[in-house]
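Accompanying notes for the structure given below.
None of the figures in this text is laboratory data; all of them are computed from the coordinates on show. Remember, it's a predicted structure, so these values are computed and weren't measured experimentally. Heads up, the Cβs are rebuilt from the backbone with ideal geometry, glycines too, and the neighbour counts pull from every protein chain shown.
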Amino acid sequence: MNSTTERVRLAANALRELFRDYPSDPDATIGTVVLTITDTESAQQHRVELQPGQTDWLRQLAEAEARTFRATHPDQDGLCGHCNGTGQASANPTTHPCHATRFTEQVMALAAEADLHPTRSHPYRGAWRVHLDAKAGPQSLYGTITVGARSGRILRAQLLHDGGAKVSNLTGAVEVSHALAAYANSAGHRLRR
């Protein structure tokens with residue numbers, strides 16, 4: 001099976017599960033609207049039954065995604081079209097599910113666990129930043145982690161030690177993760193990993 005055929009099948013299955021598990025209309029009548037997804041290479045059709053209210057979900061999702069793509073242009077505000085950058089969809093204020101990969105979320109959790117008090121900024125010019133501050137006096141670690149607004153991946157970080165006397169410029173999630181783990185271990189934290 002080619003990758004296009006598999007992608008179409010997976011997309012149809014994901015929609016089927018969503019609409020089956022989360023009814024939107026009080027009478028839970030399924031099948032009043034039929035969405036057909038066709039793989040043009042194999043001509044295979046996938047039938048997805050929806051309630052009328054679930055068609056609103058799809059429309060709103062498409063509109064929010066379009067707002068997000070428009071907002072990532074350099075002359076726009078960079079806010080998420082799903083939540084307008086508020087982060088209210090997440091219980092964790094340092095990340096936002098629309099804009100963070102699982103590994104990025106793990107790194108943010110590592111920063112919190114190392115008592116670096118991560119706080120997230122609003123997206124700006126295609127990226128958002130997580131500000132770190134150990135809050136243990138002027139010689140403690142502080143800095144920023146930059147995350148791509150569209151990819152949700154850690155792009156780079158700058159960590160400052162000893163009141164800014166030592167600066168670490170890091171690239172990518174792996175380097176940032178190692179540096180935070182090293183800091184946590186040197187500061188005597190017992191990471192729950």
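If packing is taken as the average count of other Cβ atoms within 10 Å, what order do 154-167, 57-70 fall into, highest mean first?
Values: 154-167: 15.3, 57-70: 13.4.
Order by mean packing, descending: 154-167, 57-70.
How much length would be gained if the chain were fully extended between VAL33 and TRP57, taking 0.36 nm per residue of separation minus their Cα-Cα distance, in nm to one decimal? Write out the running numbers ahead of the final one.
Working: separation 24, 0.36 × 24 = 8.64 nm, distance 1.30 nm.
Stretched fully, the VAL33-TRP57 segment lengthens by 7.3 nm.
The stretch between ALA136 and THR40 holds 28.5 nm of extra length on full extension. This uses 0.36 nm per residue minus the Cα-Cα distance.
Placing pseudo-labels 7 Å out from each Cα toward the beta carbon at GLU17 and HIS122 gives an inter-label distance of 3.5 nm.
Distances between placed amide hydrogens fall under 5 Å for VAL33 paired with LEU50, all partners being 5 or more residues away or on another chain.
If you take the square roots of the eigenvalues of the alpha-carbon gyration tensor of segment 3-71 and sort them as a ≥ b ≥ c, do you get rounded (a/c under 1.5), prolate (a/b over b/c) or oblate? In terms of gyration-tensor shape, oblate.
Couplings for segment 6-19, taken from phi via the Karplus curve 6.51 cos²θ - 1.76 cosθ + 1.60 with θ = phi - 60°, read 5, 4, 4, 4, 5, 5, 4, 5, 5, 5, 4, 5, 4, 6 Hz in order; Gly and Pro are left as x. Once a ≥ b ≥ c are taken as the square roots of the eigenvalues of the Cα gyration tensor of segment 97-186, is the result rounded (a/c under 1.5), prolate (a/b larger than b/c) or oblate (a/b not larger than b/c)? Prolate, since a/c reaches 1.5 and a/b exceeds b/c. Annotation: amide H-H contacts under 5 Å for HIS117 (H modelled 1.01 Å from N, sequence separation of 5 or more, or interchain): ASP133. Residues whose amide H falls under 5 Å from that of ALA127, counting only those 5 or more places apart or on a different chain, are ALA149, with hydrogens built in the peptide plane. When SER151, SER186 are sorted by how many other C-beta atoms sit within 10 angstrom of their C-beta, beginning with the fewest, the order is SER186, SER151. A Förster radius of 22 Å, combined with the Cβ-Cβ distance separating ARG7 from ARG156, puts the computed FRET efficiency at roughly 0.10. Karplus-derived 3J(HN,Hα) values for segment 40-56, using 6.51 cos²θ - 1.76 cosθ + 1.60 with θ = phi - 60°, are 5, 6, 9, 6, 6, 10, 10, 9, 10, 8, 10, 8, x, x, 6, 5, 5 Hz; glycine and proline are entered as x.
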